[in-house]
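Below: the structure, in structure tokens.
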Amino acid sequence: MDQKVINLFDTYTHGGMKRRAFLDKLKSMVGAAAVAPMLAQLECSYAYADTVKVDDPRLSVSDIELVPGIKGHLAMPKDANGKLSAVMVIHQNRGLNPHIKDVTRRMALEGFVAFGVDYLSPQGGTPDDEDKARDMFANLKQDAATAISKAARAGLASHPAVNGKVGAIGFCWGGGTVNAEAVADPDLKAGVAYYGMQPAPTDVPKIQAPLLLQYAGLDDRINAGIKDFEAALKANNKTYELYVYPGVNHAFTDDTQSARYSKEAADLAWGRSVTFLKKYLA
């Protein structure tokens, strides 16, 4: 697919234009007949979301209110021998959709208690309509999102199945939210941020958690902040790993949208994520 089309979609999904304007621009770029097949490749197809079924016999899965006002998707291994470390799974700016619930179950199969946090809980929860969900993020300010992160982390740490150690993994908006949580919460034990906005360099000294930072090579919008962020991490002797995956787009891990998904890069990044979390949540 033409990179200009993917860049246009990225602008739309991150609030740079309304859907009608996006569709009009897309039509002018590819022609009316090509719009529908293009959208089929660009937009999420949740028919492919359940790579780990909700009723997978290896897992205990439930939708719960972890702490008052914060709901989400909880998954954990059924055959755990004692308490486990936990991982918060933080969604993109579409809310806790079927794909992120599936990622939560994937993380549970790696041996963690995993909780997909619904950051739209205070607004009634994630709706089925993605455009409505994106609009709801305009009402979710960073301070409020960080407060949800801290409350969810504390609630997960005290869960009867958890040993007190909690990390976080997030994608897109969720990657930026992991970075913000690392700044704000010294009790976060590890953070994995996929193509997430970076915190201000002046906030980096507050970070205590080891960070794994994963970026897409074609993601110019997010990658513009890498240099200053990494310089601050080095200057403050922070523990981190940073990878840029060449030739792939923002959201390259999302296997429900074929235009941007890269299986090779996604598998490599996931393996690194699991290894990192197991190391620092041990």
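The values are calculated or read from the model by the stated rules, or taken from the named source; none is laboratory data. Remember, it's a predicted structure, so these values are computed and weren't measured experimentally. Neighbour counts are summed over all protein chains in view; Cβ atoms, including those assigned to glycine, are modelled from backbone coordinates with ideal geometry.
Listed residues Gly95, Gly124; which is assigned by TED's automatic domain parsing to the domain that holds His250, within 25 Å of Tyr12 (Cβ to Cβ) and without any contact (Cβ under 8 Å) to a residue 12 or more places away in the chain?
Unique residue meeting the criteria: Gly124.
I'd like to check something: does segment 54-74 contain any residue that is surrounded by fewer than 16 Cβ atoms within 10 Å (Cβ to Cβ), outside any helix (DSSP H, G or I) and in contact with a Leu (Cβ under 6 Å, 6 or more places away or on another chain)?
Scanning segment 54-74 turns up at least one residue that is surrounded by fewer than 16 Cβ atoms within 10 Å (Cβ to Cβ), outside any helix (DSSP H, G or I) and in contact with a Leu (Cβ under 6 Å, 6 or more places away or on another chain).
Looking at Asp79, is it out of contact with any Lys or Arg (no Cβ under 8 Å at 6 or more places or on another chain), in the same structural domain as Asp255 (by TED's automatic domain parsing) and surrounded by fewer than 21 Cβ atoms within 10 Å (Cβ to Cβ)?
When the stated conditions are applied, Asp79 does not pass them.
May I ask you to say which residue of Thr239, Thr202, Thr256 is among the polar types (S, T, N, Q) and either outside the structural domain of Tyr119 (by TED's automatic domain parsing) or within 18 Å of Met107 (Cβ to Cβ) (or both)? Walk me through how you get there before you give the answer.
Working: Thr239 fails: either outside the structural domain of Tyr119 (by TED's automatic domain parsing) or within 18 Å of Met107 (Cβ to Cβ) (or both); Thr202 fails: either outside the structural domain of Tyr119 (by TED's automatic domain parsing) or within 18 Å of Met107 (Cβ to Cβ) (or both).
Being among the polar types (S, T, N, Q) and either outside the structural domain of Tyr119 (by TED's automatic domain parsing) or within 18 Å of Met107 (Cβ to Cβ) (or both) holds for just one of Thr239, Thr202, Thr256, which is Thr256.
I'm told Asp267 meets every condition in (1) within 17 Å of Cys172 (Cβ to Cβ); (2) within 16 Å of the chain's Cα centre (by Cα) except one. Can you identify the failing condition by its number?
Failed condition: (1).
For segment 49-71, check the following and say yes or no: at least one residue is over 21 Å from the mean Cα position of the chain (by Cα), hydrophobic (A, V, I, L, M, F, W, C) and farther than 24 Å from Gly15 by Cα.
Yes, segment 49-71 has at least one match.
Looking only at segment 24-40, decide whether some residue is in a loop (DSSP other than H, G, I, E, B), farther than 23 Å from Leu156 by Cβ, among the hydrophobic types (A, V, I, L, M, F, W, C) and at pLDDT below 85.
Taking segment 24-40 and keeping what is in a loop (DSSP other than H, G, I, E, B), we get 31.
With farther than 23 Å from Leu156 by Cβ added as a condition, the list becomes 31.
Filter once more, so that each one left must be among the hydrophobic types (A, V, I, L, M, F, W, C): none.
No, segment 24-40 has no match at all.
Please verify whether Asp50 is acidic (Asp, Glu) and in contact with a helix residue (DSSP H, G or I) (Cβ under 8 Å, 6 or more places away or on another chain), treating the condition exactly as stated.
Answer is yes for this residue.
Hey, which of the strands (runs of 3 or more DSSP E) in segment 170-282, taking only ones fully inside, have at least 1 residues that are crowded, with 22+ Cβ neighbours inside 10 Å and small (Gly, Ala, Ser)?
On the way: elements: 190-194, 211-216, 240-245.
Here the list reads 190-194, 211-216.
Look at segment 106-123 and say how many of its residues are surrounded by 24 or more Cβ atoms within 10 Å (Cβ to Cβ) and not β-branched (Val, Ile, Thr).
The number of residues fulfilling the criteria is 8.
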